[in-house]
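J.: Below: one structure in structure tokens.
Bear in mind that the values in this text are calculations on the coordinates, not laboratory data. Here the structure is a predicted model, which is why all the values come from computation and not from measurement. As a convention, Cβ positions derive from the backbone with ideal geometry for all residues, glycine included, and neighbour counts pool all protein chains shown.
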Amino acid sequence: MHVEKNYSLSWDIDSFFKGGSHSAELQAKLEQTSKELAAFTTAVSEWDGQDYTVFTELTSSYANLGMATFQMGSFVECFSAADASDTYSDTLLNRLGSLNATLQNASNELSKKTTLLSDEHWQQWLETDALKEIAFVLDELRTNQTFLLSDKEETLINNLSVDGYAGWSAHYDTLVHSMRFDVVNEQGEAVSLSAGQTDNLLNSANYDVRHNAFKVWEQTWQEKGALFADTLNHLIGFRLAKYQAREWDILDESLRLNRLEEATLNSIWDVVSNNKAPVLAFLERKAKMLNLDKLGWVDVEAPLTLTDTQTTLTFQEGAEFIEEHFAKFSPKMAEFARNAFENNWIEAEDRDNKRPGGFCTEFPEDGESRIFMTYDGSANTISTLAHELGHAFHSHVMRDQSPLNRDYAMNVAETASTFAEILISDAAIKVAASKEEHIQLLEDKIQRSVAFFMNIHSRFLFEKRFHKARLDGAVTVEGLNKLMEDAQKEAYVDSLKDYHPTFWQSKLHFYIDDIPFYNYPYTFGFLFSAGIYAHAGTVEGSYEDAYIALLQDTGSMTTEELAQKHLNVDLTKPDFWQAAVDIILKDIDEFLELTK
Ligand SMILES: [Zn+2]
């Protein structure tokens, strides 16, 4: 007998803390954690750097405090996203921010004290039963201490960073908020819009709308160029002064954050660069389909509208579609998704007063996750739902690991999500109702990978060159425009009709202070998942357990070690990356064939 199921469109977060933003349970937890944190800080400062038993206790307190603050942070993030009018969340985030800073300071002191031990003695500790599971993370924390300057100098750097580094990053937001763009909207009305709203118009399916908006977009940024050039020059100037003092190369910090070798990064860009010809063929075909001789900057991601009748699925149908196609690869993934739907882990309702976008966040103390998004039934939101479920699955398979091993870097953070998304978008393409819809879905999928090949590549080229140039002094507006346009021309192999020289102003990612080079991890993550997908295809029988084992290790080894152990490949060599790229090229071949 078929039993009708009925999945809820709204989530349950009361099971963590009852009562929303003013939850008494949350307040009690905040008080409790503050007390424990104060005790931890005292214990760290009293530790002599030699007593092993005390060290193991401190390590486990550190892990537990990290989980507690994460748990509360997730809760605040959830209710503030679901109700954008709730202003009390800012107060709570502020309080959590200072708890996190205190925890960070104490853990820094703890890892600094481990450098008092001889290397030999330290290695003996790491081999003990209590510590061997988290040896990689502990050793990384200790090694990072050796890159730092004296206590006095580091304290000074941290204090100066508030105004001299983070301050410029925050100033960027202030500048962007002050920007208005006088454009014509989809309805043909003259309107004055914010940067975010105008950015949406750049993706319009209507040629005139997106091109006129782009003209205003470029012009308006250009007028404010000097303000942004100052901001970026000061921000990166501060970063480079810090790097010089610590004797770090431009990419050192970023590579360390991503637990990645430079040889791997070079290998990725080499393979990407060597495979641009088919991507160009795709762009050329797309230009033809849009009746253009060449694509302009805003045409690259413009949607193809071949059919008005797009298949949409109800939330229930979308969920069942995901369960069905996850199951073909991994019954455990499907069962996990079913459990998430049945237990109201997802906030998907289409209504006002909700923040845009989607995310997945973990409640580590309960081993559960929650997903936030707005579901509209299109193939696109079903992919998004699969993407976020992939994140949740990643947390799920790591839930029994030591908390210190669960913190994975940005480059591998998108592995499970992208993988789940590939499974579902491939399935959606296969069941498309018409040839037009098939082409449209395929184009959308290819277009998203083109961004990793071209757009992200240009960001990396720009950022690296700008850092180098900045070592010799501030770069002018004209200089920045030229660096940006040259990087775009190189990344797109001169194939576009026009470029976006002021992109260094409009893209927030260049202004993030604490995560330098917020670009290549995207390309890495995408190709890494595609490579695993390719690898899965070459293995006899079920790949499920091997895949789960790989995800479980994402927080406790370098990226190269992870790939060596689970895929038996050397990431510094091109082979793995080529196999990943071939997956995308296959889609492009199919697209070119279908649209002949
Ligand atoms: Zn994601």
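J.: Rounded, prolate or oblate: which fits the stretch 363-494, taking a ≥ b ≥ c as square roots of the Cα gyration tensor eigenvalues, rounded meaning a/c under 1.5, else prolate when a/b beats b/c?
T.: Values: a/c = 3.16, a/b = 1.33, b/c = 2.38.
It is oblate, given that a/c is not under 1.5 and a/b is not larger than b/c.
J.: Cα atoms only: what Rg and Dmax, in Å, come out for the stretch 411-554?
T.: That works out to 18.9, 58 Å for Rg and Dmax.
J.: Here's another thing I want to ask about it. I'd like the Karplus ³J(HN,Hα) series for the stretch 571-584: coefficients 6.51, -1.76, 1.60, θ = phi - 60°, whole numbers in Hz, and an x wherever there's a Gly or Pro.
T.: 5, 6, 9, x, 3, 4, 5, 5, 4, 5, 5, 4, 4, 6
J.: Under 17 Å Cα-Cα from Lys112, which lysines qualify once same-chain neighbours fewer than 8 residues away are excluded?
T.: Excluding near neighbours in sequence, the set is Lys152.
J.: Size of the dipole of the chain about the Cα centre, Lys and Arg at +1 and Asp and Glu at -1 on the beta carbon, nothing else charged, in debye to 20? Provide the component values of the computation, followed by the final result.
T.: Numbers: 50 positive and 95 negative charges, 249 e Å.
It works out to roughly 1200 debye.
J.: Within straight cross-link reach of Lys565, meaning Cα distance under 17 Å, which lysines are found once same-chain residues fewer than 8 apart are removed?
T.: Output for Lys565: Lys573.
J.: Under the classification rounded if a/c is under 1.5, otherwise prolate if a/b is larger than b/c and oblate if not, where does the stretch 475-596 fall, given a ≥ b ≥ c as square roots of the Cα gyration tensor eigenvalues?
T.: oblate
J.: Residue by residue through the stretch 147-157, which ³J(HN,Hα) values in whole Hz follow from phi under the Karplus form 6.51 cos²θ - 1.76 cosθ + 1.60 (θ = phi - 60°), with glycine and proline marked x?
T.: Values, residue by residue: 7, 8, 8, 5, 3, 5, 5, 5, 4, 4, 4 Hz.
J.: If the only charges are +1 at each Lys and Arg Cβ and -1 at each Asp and Glu Cβ, what is the size of the charge dipole of the stretch 420-486 around the Cα centre, to the nearest 20 debye?
T.: 280 debye
J.: Another one. Mind checking which aspartates and glutamates have their Cα closer than 15 Å to the Cα of Lys29? Skip sequence neighbours fewer than 8 apart in that chain.
T.: Filter leaves Asp14, Glu365, Asp366.
J.: With the Cα gyration tensor of the stretch 103-156 giving a ≥ b ≥ c as the square roots of its eigenvalues, does the rule (a/c under 1.5 for rounded; else a/b larger than b/c for prolate; else oblate) give rounded, prolate or oblate?
T.: Working: a/c = 2.70, a/b = 1.87, b/c = 1.44.
It comes out prolate by the Cα gyration axes.
J.: Given just the C-alpha atoms of the stretch 247-319, how large is their convex hull per residue in cubic angstrom?
T.: Output value, Cα hull per residue: 205 Å³.
J.: Of Lys276/Lys586; Lys464/Lys489; Lys430/Lys596; Lys294/Lys489; Lys332/Lys354; Lys294/Lys430, which sit over 24 Å apart, Cα to Cα?
T.: Lys332/Lys354; Lys294/Lys430
J.: Right, here's the next one. Checking a compactness column here: for the stretch 69-138, what do you get for Rg(Cα) / (2.2 N^0.38 Å), N being the number of residues?
T.: Compactness ratio reported: 1.66.
J.: Report the charge-dipole magnitude of the stretch 287-368 in Debye, nearest 20, computed about the Cα centre from +1 at each Lys and Arg Cβ and -1 at each Asp and Glu Cβ.
T.: Details: 8 positive and 18 negative charges, 91 e Å.
Value, rounded to 20: 440 debye.
J.: Further, regarding this structure: Please list 151-160, 258-267, 472-481 highest first by mean number of surrounding beta-carbon atoms within 10 Å per residue. All intermediate terms of the calculation are to be shown ahead of the outcome.
T.: Working: 151-160: 12.4, 258-267: 18.8, 472-481: 15.5.
Ranking, from highest mean packing down: 258-267, 472-481, 151-160.
J.: Considering only C-alpha atoms, what is the centroid distance from the stretch 45-67 to the stretch 199-262, in Å?
T.: First find each Cα centre; the distance between them is then 40 Å.
J.: Sticking with this one: Using DSSP, restrict attention to beta bridges with both residues in the chain and report what percent are antiparallel, rounded to the nearest 5.
T.: Close to 80 percent.
J.: How long are the three semi-axes of the equivalent ellipsoid of the chain, in whole Å, if each is the root of 5 times an eigenvalue of the C-alpha gyration tensor, listed from largest down? Mind dumping the intermediate values first?
T.: Values: eigenvalues 291, 191, 136 Å².
Result for the chain: semi-axes of 38, 31, 26 Å.
J.: Right, something else. If you take the Cα atoms of the stretch 325-374, find Rg, then find the Kirkwood Rh from the mean of 1/r over all pairs, what is Rg/Rh? List each step's numbers first, then the result.
T.: Numbers: Rg = 12.7 Å, Rh = 12.2 Å.
Radius of gyration relative to Kirkwood radius: 1.04.
J.: In terms of modelled amide H atoms, which long-range or inter-chain residues lie less than 5 Å from the amide H of Asp376?
T.: Here the answer is Thr381, since their amide H atoms fall under 5 Å of that of Asp376.
J.: Moving on to the next point. With just the Cα atoms defining each centre, how far is the stretch 427-487 from the stretch 129-185? Give it in Å.
T.: The distance from the Cα centre of the stretch 427-487 to that of the stretch 129-185 comes to 25 Å.
J.: Kindly rank 580-588, 274-282 from highest to lowest mean number of other beta carbons found within 10 Å of each residue.
T.: 580-588, 274-282
J.: How much net charge surrounds His387 when only other residues with a Cβ under 9 Å from its Cβ are counted (Lys, Arg +1; Asp, Glu -1)?
T.: That works out to -3.
J.: Now a separate question. Counting Lys and Arg as +1 and Asp and Glu as -1, what is the net charge of the other residues whose Cβ lies under 11 Å from the Cβ of Gly20? Each step should come with its number before you reach the end.
T.: On the way: positive: Lys18; negative: Asp14, Glu25, Asp83, Asp86.
Within the 11 Å Cβ shell, the charges total -3.
J.: Within the set of other residues whose C-beta is less than 12 Å from the C-beta of Ala337, count the net charge using Lys and Arg as +1 and Asp and Glu as -1.
T.: Spelling it out: positives minus negatives among the neighbours equals -4.
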